[in-house]
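Structure record follows, encoded as structure tokens.
Since every read-out is calculated from the coordinates, none of them should be taken as a lab result. Computed from a prediction, not measured in an experiment: that's the story for all the values here. Here the Cβ positions follow ideal geometry from the backbone for every residue, glycine too, while neighbour counts run over all protein chains shown.
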Amino acid sequence: MNRYEIVMVAQSDLSKDEVDSLIERSGAIITNMKGLVVKVEKWGTRKLAYRIRKQPRGTYLLIDFAGDSAAVNELERNLKFDDRVLRFQTIKKAEDVSLEEIEKEIAGAKKEEKAPEVKTAAAAQAADKEQTQPAPVQEGTGSVEAAASDTRVEE
């Protein structure tokens, strides 16, 4: 099994349900070809550098998956026929990855999704404590007389 990433630019006027169905369909193609979807990221809608099919904006999607070349060929073949997809690019990240490594990464990603909520709550509590306590005031150590005696006036 090899590790791949595919970045897609879909039409910007698609609803959330249509974007989700596009992702589900791509995932179904991968799993039907004995592949495994590791993660899916929605990067949002952005302005394109140039118009593609008269579209000035596009919705960017990333699918990270493991599979063989047959899965990639089938997925790319289906994306070519899908009018909702403006462009796509597939990148091979690694060769000969094991199923155990991928499952560990998926489990680690799920833990990281849950962990930031706890960290942000703790960080928010620490920030509240800092805001409620006044900052200590430091008094100066020098005096005006000492500063005046150090300056020399030559006539």
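Summary table
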read-out	value
Against the rule of thumb 2.2 N^0.38 Å, how large the Cα Rg of the stretch 2-103 comes out	1.08
Integer Hz, Karplus 6.51/-1.76/1.60 couplings in order for the stretch 18-26, x for Gly and Pro	5, 5, 4, 5, 5, 5, 4, 5, 5
Table column - 3J(HN,Hα) (Hz), the stretch 3-15, Karplus curve with 6.51, -1.76, 1.60, x for Gly and Pro	9, 10, 10, 10, 10, 10, 10, 9, 4, 6, 8, 6, 6
For the stretch 27-43, 3J(HN,Hα) per residue [Karplus equation, 6.51 cos²θ - 1.76 cosθ + 1.60, θ = phi - 60°, Hz, x = Gly/Pro]	x, 5, 4, 5, 5, 5, 9, 6, x, 9, 7, 8, 7, 10, 10, 9, 8
Amide H partners (placed H, <5 Å) of L86, local residues excluded	V9, A10, Q11
Ranked K42, K54, criterion: other C-beta atoms within 10 Å, fewest first	K54, K42
About the Cα centre, charge dipole magnitude for the stretch 2-103 (Lys/Arg +1, Asp/Glu -1 at Cβ), debye	820
